[in-house]
Amino acid sequence: MAPLNGVTWQLDGLGTNYRKERANTMNRRILIVDDTESIHDDFKSVLGTSAKSTGMLSDSKAALLGAPATQRDRLSFDLVSAFQGAEAVDLVQAGIDSDAPFAMAFVDVRMPPGWDGVETLERIWELDPTLQAVICTAFSDYSWDDMIDRFGNTDRLLILRKPFDNMEVRQLATALTRKWQLERDAQAKLQHLAELVRDRTKAITHARDELLAVNEKLETARIAAEEASQAKSAFLANMSHEIRTPMTAILGYADVLLSDGDITLAPKDRVQAIDTIRRNGTHLLQLINDLLDISKIEANKLTVDRISCSPIEVTADVVTLMNVPALDRGLTLSTEIEGEIPELIYSDPTRLRQMLVNLIGNAIKFTHQGDVRAILSCDTSETGQTLFQFNIADTGIGMTKGQLQKLFKPFTQADVSTTRKYGGTGLGLSISKHLAQSLGGDIDAVSEPGKGSEFRITVDAGAIEGIRMVRQQPADSELQSSADLALAEGPVKINGRILLAEDGLDNQRLFSVILKKAGVKVTVVENGQLACEEFESSVANGHPYDLILMDMQMPVLDGYGATRRLRELECYLPIVAMTAHAMTGDRTACIEAGCTDYISKPIRRDQFLATIARHMQHAAVSG
């Protein structure tokens, strides 16, 4: 039994310690409101401090087990008496003022000659609505319904009938003071939580404000970056226009001088000077194009097309173009086909041509003797993708592994001495690599110093089911480029009337000379407004034009507005846009305005005439 006694003692000890701890903090102030003094004495007798009591359970345990009964301290309450309602209200106010509020009150109903208990309680609750109350009555003065009508549904009110039981009084005092304390503790905790929430909210608000400030700065930086990017794009577009416009006249007139009459009769120095002008102008134009392309790549605005094109014809065009500098250096430039390749692929012929010109041009530049070969083949990737492959192999100076590693970085060449000796910006390979990747492939290279290099371009060939496959080198006639065909067929001759809208005097004269030599009758106007008026006049006079050449940057009314107005006037003629702008979206903007086709300045005479001939209703490509 000792363990049982031990456990019981421990539990009792814990309980006693707990009660003692609570007794030090509990509010046991009770207000007794009654007009009879003996009632106050009864409450003091029941709720006041008395001798220590063992309790019935402890006495029974002592009798059964022979152990001494454990004595307990009976709870002591702090009782304050009031004999009238007004006195009670004053005491409640005093307790509040001294920070010693009452936890509960026993209030008698009948207290002549002043307020009765109900009115007293109403006034007390106006001062302290948290006070727990017990209405004491010996008569049926108020029913419970009457109480509800006066106080509403409340958990702060109980009714005690007289004569009351001592145990009941003590239980009510213990329970209600405990209830008051719990509510006060809960309120304190809620207040503490509210303070924590307030502090946390303040911290969160501060963090939010800081985040909003950071976001605002980031947004400002983003807007500034976008504005800077737009300003950069606008600057490049304007610079492109300002440089291309005079370049159109420079290169155009150089072509006119070289093609006007029998050039063999001109002094050799003059021919060399004209050729130098054209060659350096072409180089400057390529530099402009490279800068525009690298800007588009950096802005993630470089676009590519996906159309059906012939890789054999594209390669033949480039080989024809690059054959002249190859022959000047004593090199052989050839095209080969390995295995089986599709006659057509779905890619961007303009970008393919740009990459091939760059790689074949580099191969020629860095090869002093031997040959340069363009090898066409087709392969399948690990994912089943059909890849068309262009290999450009040379017998040039080659590169080391270190030079290969930095080869495709912008503005970088094999080494500094390469730039000094061979020229160039170092942009071509970087641009070409981005183009190949945009077309679903890549560019890589192998090289050995002193023995040459081989660059491999791969692009996604697209869906080639049903496309005729070529297994061997086609006949010479199949490899002829469009330029070869044009030369074979003689000078381009075009019959018809063209309305030229161009504000630049030099370009007016240049385009007029080229078109008149091709057999075209040309009418020149200097802005879009005059172009619309001239079109309407020609229709009214019964002498309509066959095609309109429209410069897109003109005063009064630009080419975009003029084209839209012409379409509104039911002009169904081909309108070919000409612009020195070459940024992303320029071609799209022209087509959306209603133009039929687009030519970028500076023009290439053969392509310029070929484009016009294609759109003329009565064109003849022979003369």
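For (1) aliphatic (A, V, I, L, M); (2) under 30 Å from residue 285 (Cα atoms), each residue gets a yes or a no:
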| position | (1), (2) |
| --- | --- |
| 200 | no, no |
| 203 | yes, no |
| 216 | no, no |
| 223 | yes, no |
| 228 | yes, yes |
| 231 | yes, yes |
| 234 | yes, yes |
| 238 | no, yes |
| 244 | no, yes |
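Here is a yes/no grid of residues against (1) open to solvent by less than 80 Å² (accessible area, probe 1.4 Å); (2) modelled with pLDDT of 90 or more; (3) farther than 20 Å from residue 602 by Cβ:
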| position | (1), (2), (3) |
| --- | --- |
| 495 | no, no, yes |
| 504 | yes, no, no |
| 521 | no, yes, yes |
| 543 | no, yes, yes |
| 551 | yes, yes, no |
| 561 | yes, yes, yes |
| 565 | no, yes, yes |
| 570 | no, yes, yes |
| 574 | yes, yes, yes |
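Of all residues in the range 152-170, which are part of a loop (DSSP other than H, G, I, E, B) and either open to solvent by less than 60 Å² (accessible area, probe 1.4 Å) or β-branched (Val, Ile, Thr) (or both)? Spell out how you get there, then give the answer.
Initially, the range 152-170 is screened for residues part of a loop (DSSP other than H, G, I, E, B), giving 152-156, 162-165.
Within the range 152-170, 152, 154, 156, 162, 164 meet the criteria.
Working carefully through the options 256, 314, find the one that is among the hydrophobic types (A, V, I, L, M, F, W, C), within 30 Å of residue 471 (Cβ to Cβ) and at pLDDT 75 or above. Talk me through it step by step, then tell me what you get.
On the way: 256 fails: within 30 Å of residue 471 (Cβ to Cβ).
On inspection, the qualifying residue turns out to be 314.
Can you find a residue that is in a strand (DSSP E or B) and farther than 17 Å from residue 566 by Cβ anywhere in the range 501-510?
Of the residues in the range 501-510, the ones in a strand (DSSP E or B) are 501.
Filter again for farther than 17 Å from residue 566 by Cβ, leaving none.
Within the range 501-510 (the criterion being in a strand (DSSP E or B) and farther than 17 Å from residue 566 by Cβ), the answer is no, since none of the residues qualifies.
Here is a yes/no grid of residues against (1) without any contact (Cβ under 8 Å) to a residue 24 or more places away in the chain; (2) part of a strand (DSSP E or B); (3) aromatic (Phe, Trp, Tyr):
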{"position": "112", "(1), (2), (3)": "no, no, no"}
{"position": "115", "(1), (2), (3)": "no, no, yes"}
{"position": "135", "(1), (2), (3)": "no, yes, no"}
{"position": "150", "(1), (2), (3)": "no, no, no"}
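Condition check: basic (Lys, Arg), at pLDDT below 80, open to solvent by 90 Å² or more (accessible area, probe 1.4 Å) and within 20 Å of residue 607 (Cβ to Cβ). Does residue 279 satisfy that? Quick ask: steps written out before the conclusion?
Numbers: basic (Lys, Arg): yes; at pLDDT below 80: yes; open to solvent by 90 Å² or more (accessible area, probe 1.4 Å): yes; within 20 Å of residue 607 (Cβ to Cβ): yes.
So residue 279 fits the description; yes.
Against the definition (open to solvent by 70 Å² or more (accessible area, probe 1.4 Å), free of Cβ contacts under 8 Å to residues at least 12 places away in the same chain and within 18 Å of residue 612 (Cα to Cα)), how does residue 516 come out, yes or no? Even if it seems obvious, please write down each step before you answer.
Numbers: open to solvent by 70 Å² or more (accessible area, probe 1.4 Å): yes; free of Cβ contacts under 8 Å to residues at least 12 places away in the same chain: yes; within 18 Å of residue 612 (Cα to Cα): yes.
Yes: the conditions hold for residue 516.
Just to be sure before I move on: is residue 197 open to solvent by 40 Å² or more (accessible area, probe 1.4 Å) and among the β-branched types (Val, Ile, Thr) in the structure I sent? Write out each step before concluding.
Numbers: open to solvent by 40 Å² or more (accessible area, probe 1.4 Å): yes; among the β-branched types (Val, Ile, Thr): yes.
Spelling it out, residue 197 is indeed open to solvent by 40 Å² or more (accessible area, probe 1.4 Å) and among the β-branched types (Val, Ile, Thr).
Can you pull out every residue in the range 320-354 that is in contact (Cβ under 8 Å) with a residue 60 or more places away in the chain and open to solvent by 20 Å² or more (accessible area, probe 1.4 Å)? So that I can check it myself, show each step before the final result.
Step one: list which residues in the range 320-354 are in contact (Cβ under 8 Å) with a residue 60 or more places away in the chain, which gives 320-321, 335-337, 339-348, 351-352, 354.
320, 321, 335, 336, 337, 339, 340, 343, 344, 346, 351, 354 - these are the residues of the range 320-354 that are in contact (Cβ under 8 Å) with a residue 60 or more places away in the chain and open to solvent by 20 Å² or more (accessible area, probe 1.4 Å).
Starting from the range 172-200, keep only residues that are under 25 Å from residue 107 (Cβ atoms) and in a helix (DSSP H, G or I), then list their pairs with residues that are open to solvent by 50 Å² or more (accessible area, probe 1.4 Å) and of a type in the set (S, T, N, Q) whose Cβ atoms are within a distance under 7 Å, requiring at least 6 positions of separation or different chains.
Between residues of the range 172-200 that are under 25 Å from residue 107 (Cβ atoms) and in a helix (DSSP H, G or I) and residues that are open to solvent by 50 Å² or more (accessible area, probe 1.4 Å) and of a type in the set (S, T, N, Q), the close pairs are 180/130; 183/130.
I'm trying to understand the selection: among the residues of the range 193-247, which are among the hydroxyl-bearing types (Ser, Thr, Tyr) and under 25 Å from the mean Cα position of the chain (by Cα)? Before you say what the answer is, go through the steps one by one.
Quick first cut of the range 193-247, residues among the hydroxyl-bearing types (Ser, Thr, Tyr) only: 201, 205, 220, 229, 233, 240, 245.
Within the range 193-247, 220, 229, 233 meet the criteria.
When both residues are 6+ apart or on different chains and their Cβ atoms are under 9 Å apart, which pairs have a first residue that lies in the range 355-372 and is basic (Lys, Arg), and a second that is open to solvent by 40 Å² or more (accessible area, probe 1.4 Å) and part of a helix (DSSP H, G or I)?
365/325; 365/422
Condition check ((1) in a strand (DSSP E or B); (2) at pLDDT below 90; (3) crowded, with 18+ Cβ neighbours inside 10 Å) across all residues:
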| position | (1), (2), (3) |
| --- | --- |
| 388 | yes, no, yes |
| 404 | no, yes, no |
| 420 | no, yes, no |
| 429 | no, yes, yes |
| 456 | yes, no, yes |
| 498 | yes, no, yes |
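The values are calculated or read from the model by the stated rules, or taken from the named source; none is laboratory data. This one's a predicted model, so the numbers in the text were calculated from it and none came from an experiment. Because the Cβ atoms are built from the backbone with ideal geometry, glycine has one as well, and the counts that use them run over all protein chains shown. Areas reflect the complete protein model, heavy atoms only, side chains present, ligands, DNA and RNA absent. Shrake-Rupley method; radii C 1.70, N 1.55, O 1.52, S 1.80 Å.
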